[in-house]
Amino acid sequence: MSDEQSRVFTLEELRKYNGHNDTTPLILLGFNGKVYDVSTSPQFYGPGKSYNVFAGRDCTKALAVNTLKEDALPGPNDSPVDTSEFTDAEKLAMNNWEQRLSVKYPVVGVLGAPVMGTLE
Ligand code: HEM
């Protein structure tokens with residue numbers, strides 16, 4: 001694993017890579033424990049585009065159940081999506097998405113749980 005691929009992003013850190021940030025043009029997408037760089041598809045994930053809701057988010061559950069709804073997307077202080085309780089249909093959909101994303105986009109990191117003990 002390269003250094004880049006071993007970079008750990010909490011969901012809070014991932015948020016800044018949503019295409020709306022003046023300090024970075026990167027658009028990242030969290031999925032099944034990995035972080036994909038989807039910057040080459042601003043037509044999907046860029047500001048104002050259909051799938052911008054997924055930019056900077058862990059979209060594992062949303063893709064598995066085929067929804068754009070916010071309630072399928074964990075918040076910044078949540079842990080990454082736990083897929084162990086996914087139904088067979090959700091696992092199948094997840095695997096199909098994983099296949100699609102992994103042939104198209106580089107993995108630049110992994111998703112990590114929020115670091116404890118840093119709250120004021
Ligand atoms: C009326 C419903 C929908 C239609 C007609 C539709 C259609 C499309 C089309 C035509 C593409 C582009 C495919 C390509 O050029 O590679 C696309 C991409 C995509 N769709 Fe949908 N879509 C719909 C609903 C949804 C929903 C509900 C989700 C939520 C999971 C979703 C997630 C995505 C994602 C993530 C991509 C981009 C994938 C990538 O990065 O290659 N779509 N959709």
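The values are calculated or read from the model by the stated rules, or taken from the named source; none is laboratory data. Keep in mind that this is a model prediction, so the values were computed, not measured. Every residue, glycine as well, gets a Cβ built from its backbone with ideal geometry; the counts of neighbours run over all protein chains shown.
Would you call residue 46 of a type in the set (Gly, Ala, Ser) and surrounded by fewer than 18 Cβ atoms within 10 Å (Cβ to Cβ)?
Here the answer is no, as residue 46 does not meet what is asked.
Could you give every pair whose Cβ atoms fall below 9 Å, whose first residue belongs to the range 89-108 and is farther than 13 Å from residue 38 by Cα and of a type in the set (Asp, Glu), and whose second residue is in a helix (DSSP H, G or I) and away from the ligand (no atom under 11 Å from the Cβ), counting only separations of at least 6 or pairs across chains?
Correct list of pairs: 90/83.
Please go through the range 61-71 and pick out each residue that is free of Cβ contacts under 8 Å to residues at least 12 places away in the same chain, not charged (D, E, K, R) and not in a loop (DSSP other than H, G, I, E, B).
Keep residues of the range 61-71 that are free of Cβ contacts under 8 Å to residues at least 12 places away in the same chain, which gives 62, 67, 69, 71.
Imposing the further condition that a residue be not charged (D, E, K, R) reduces the set to 62, 67.
Correct list: 62 only.
Just checking, how many residues over the range 56-78 are within 15 Å of residue 15 (Cα to Cα) and not polar (S, T, N, Q)?
Qualifying residue count for the region: 10.
Considering 81, 65, 35, 107, which residue is aliphatic (A, V, I, L, M), modelled with pLDDT of 95 or more and near the ligand (Cβ under 8 Å from one of its atoms)?
Residue meeting the stated conditions: 65.
Please enumerate the residues belonging to the range 91-104 that are more than 11 Å from the ligand (Cβ to nearest atom), over 12 Å from the mean Cα position of the chain (by Cα) and of a type in the set (D, E, K, R).
91
Check the range 15-30 and report whether any residue there is more than 19 Å from residue 115 (Cα to Cα), within 10 Å of the ligand (Cβ to nearest atom), in contact (Cβ under 8 Å) with a residue 60 or more places away in the chain and not charged (D, E, K, R).
Yes.
Working carefully through the options 115, 108, 53, 81, find the one that is in a loop (DSSP other than H, G, I, E, B), under 12 Å from the mean Cα position of the chain (by Cα) and closer than 21 Å to residue 13 by Cα. Lay out the reasoning, then the answer.
On the way: 115 fails: under 12 Å from the mean Cα position of the chain (by Cα); 108 fails: in a loop (DSSP other than H, G, I, E, B); 53 fails: in a loop (DSSP other than H, G, I, E, B).
One residue alone meets the criteria, 81.
Can you pull out every residue in the range 84-103 that is of a type outside the set (A, V, I, L, M, F, W, C), in a helix (DSSP H, G or I) and surrounded by fewer than 16 Cβ atoms within 10 Å (Cβ to Cβ)?
84, 85, 88, 91, 95, 96, 99, 100, 102
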